[in-house]
Amino acid sequence: MPSKLPTPLVRTSQSGFTLVELLVSSVFGAMLLTALAYATTTFVVSVTHMEQKAGFTDGDSRVLRRMTREIREAWWAEIVNPGRLRLADANNEISEYYRDGNDLRLLRPNGDIGVLLSNVEALEFEGAGISRRREGTPTTWDSAFYSRTMPGSTTFVLEVPEDGTLALGFQAPVEDNDLPSGGVLGDEVLVSIGLELLTMPLAWVPDSNPEDLVVTIYESRAPGSARLFGPALGSTSIPGSALPAAVWNETSEAWDPPSSEISLSVTGIAPSLGAGTGYVILLKATGDAQLITSAQFEAPSASRDDVALAEGSSGFAQLPLAVPFTLSGPYTLSSSEDSLVVATVSISLTLIGQSTQIRSATLIGQALSEDPWEGIIPGEVSP
């Protein structure tokens, strides 16, 4: 059998609020609004009363609040003297608060001057500083920039045979802490390096004929390696007469290690060396000369295999040795300058016949920049 359909709701003339319901709603609404108005008024009165008790409604307190707000928002601050504070915004437009007689005055960037307070008995600004660092003028030095350290084992003679070539690898220094001596230790890097002198214990065997000593420089395959990479960067010849003769020891029936080091001029052998780049210096005597130098045993490692020897046309063989040598020349170091800038300003204000009020504020731009290379230095503008 067919189901019954629901009877639709029909709005009649009796639907809606009655007058009694409307009156009751109006009364409750009025009561809620009255309670809200009373609470708001009570809150405002309480705040005003507390501000009055604390002195916040005084003229000097309003001025101090304004000053601390501008200090927090300032790009940089500078205390010219205990009674004068200079503030700059991001556009480097400067305002100054200062005492003139018994007046506290404000100088705006457009030159306008206004009196903020009168009857000022004392006004003093104090600052707490934070360190900032900036690039300075690079400095040039002329001294040793690389020195091969020795392991401290027994020294013996390394012979470079006739038509042989000795290869010595090194890595150009990167920071001032990499320098063996000279320079200013700190947080600086080498900007340029010039090679002019090679100093090492070196001698020629008297029975041979030392014509010239040819010094050639290459880049290395890796820092600290004596393996060549690419073409020669430069070469120079040094007369064989510049080298001392080796001394034969009758007791040991061997050549004595060179008793002293000699300095060989290699000026112009290569353009400016690159900081951190590996290089190889080749030493080869022309004619039938034989060379000797000092050496000590040192096991090669993944980061250092800086001595190799080639005989004739054969390839270089890495040697488990350390050969002392020093490289010198002019080099340029970066320079940094440290500045102590104001990060927090304290204000001490005393009006005639009143107690001293003290406020302090921190420059937000300085507080958020702990790195000394960041932050702001007076005179700088925003990027």
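The values are calculated or read from the model by the stated rules, or taken from the named source; none is laboratory data. If you're wondering where the values come from, they're calculated on a predicted model, not measured in any experiment. Methodologically, a virtual Cβ is constructed for each residue, glycine included, from the backbone with ideal geometry; neighbour enumeration extends over all protein chains shown.
A search for C-beta distances below 6 Å between a residue of segment 300-322 that is over 16 Å from TYR279 (Cα atoms) and in the same structural domain as VAL160 (by TED's automatic domain parsing) and any residue that is of a type in the set (Asp, Glu) and surrounded by fewer than 18 Cβ atoms within 10 Å (Cβ to Cβ), counting only pairs 6+ apart in sequence or on different chains, returns GLY312/ASP163. From the list GLY234, GLY224, the one residue that fits, being buried (at least 16 other Cβ atoms within 10 Å of the Cβ) and in contact with a strand residue (DSSP E or B) (Cβ under 7 Å, 6 or more places away or on another chain), is GLY224.
Return the total of residues in segment 87-105 being of a type outside the set (Gly, Ala, Ser) and buried (at least 20 other Cβ atoms within 10 Å of the Cβ).
Residues flagged as of a type outside the set (Gly, Ala, Ser) and buried (at least 20 other Cβ atoms within 10 Å of the Cβ) within segment 87-105 amount to 4.
Pairing each residue of segment 138-164 that is within 24 Å of GLY278 (Cα to Cα) and modelled with pLDDT of 90 or more with any residue that is among the aromatic types (Phe, Trp, Tyr) and surrounded by 18 or more Cβ atoms within 10 Å (Cβ to Cβ), provided the two are 6+ apart or on different chains, yields C-beta distances under 6 Å for TRP141/TYR331; PHE145/TYR331; TYR146/PHE170; ARG148/PHE325. In segment 243-283, the residue that is nearest to ALA317 (Cα to Cα) out of those that are β-branched (Val, Ile, Thr) and out of contact with any Phe, Trp or Tyr (no Cβ under 8 Å at 6 or more places or on another chain) is THR277.
Looking at LEU349, LEU319, just one residue is in contact with a strand residue (DSSP E or B) (Cβ under 6 Å, 6 or more places away or on another chain) and either closer than 30 Å to GLY152 by Cα or surrounded by fewer than 14 Cβ atoms within 10 Å (Cβ to Cβ) (or both), and that residue is LEU319.
Is it the case that some residue within segment 260-283 is at pLDDT below 90, under 24 Å from SER153 (Cβ atoms) and either within 34 Å of the chain's Cα centre (by Cα) or not in a strand (DSSP E or B) (or both)? Within segment 260-283, one or more residues are at pLDDT below 90, under 24 Å from SER153 (Cβ atoms) and either within 34 Å of the chain's Cα centre (by Cα) or not in a strand (DSSP E or B) (or both). Taking the condition surrounded by fewer than 20 Cβ atoms within 10 Å (Cβ to Cβ) and in contact (Cβ under 8 Å) with a residue 60 or more places away in the chain, does ALA285 pass? No; evaluated as a whole, the condition is false for this residue. Among the candidates GLY375, GLY353, the residue that is under 20 Å from the mean Cα position of the chain (by Cα), small (Gly, Ala, Ser) and in a loop (DSSP other than H, G, I, E, B) is uniquely GLY375.
The listed residues are LEU291, LEU363, and the only one of them that is touching a residue at least 12 places away in the same chain (Cβ under 8 Å) and either under 30 Å from ASP163 (Cα atoms) or in contact with an Asp or Glu (Cβ under 6 Å, 6 or more places away or on another chain) (or both) turns out to be LEU291. For segment 354-361, the count of residues that are loosely packed, with under 14 Cβ neighbours inside 10 Å, in contact with a Gly (Cβ under 9 Å, 6 or more places away or on another chain) and among the aliphatic types (A, V, I, L, M) is zero.
If you go through segment 126-173 and keep only what is surrounded by fewer than 20 Cβ atoms within 10 Å (Cβ to Cβ) and charged (D, E, K, R), you end up with GLU126, ARG133, ARG134, GLU135, ASP142, ARG148, GLU159, GLU162, ASP163.
The criterion of at least 2 residues that are charged (D, E, K, R) is met by the following strands (runs of 3 or more DSSP E) wholly inside segment 144-250: 210-220.
Residue by residue, here is whether (1) modelled with pLDDT of 95 or more; (2) in contact with a Ser or Thr (Cβ under 7 Å, 6 or more places away or on another chain) holds:
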site	(1), (2)
GLY59	no, no
ARG66	no, no
TRP76	no, no
ALA88	no, no
LEU107	yes, yes
GLU135	no, yes
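Residues that are of a type outside the set (Val, Ile, Thr), in contact with a Phe, Trp or Tyr (Cβ under 8 Å, 6 or more places away or on another chain) and modelled with pLDDT under 90: does segment 286-303 have at least one? Yes, there is a match, as at least one residue in segment 286-303 is of a type outside the set (Val, Ile, Thr), in contact with a Phe, Trp or Tyr (Cβ under 8 Å, 6 or more places away or on another chain) and modelled with pLDDT under 90.
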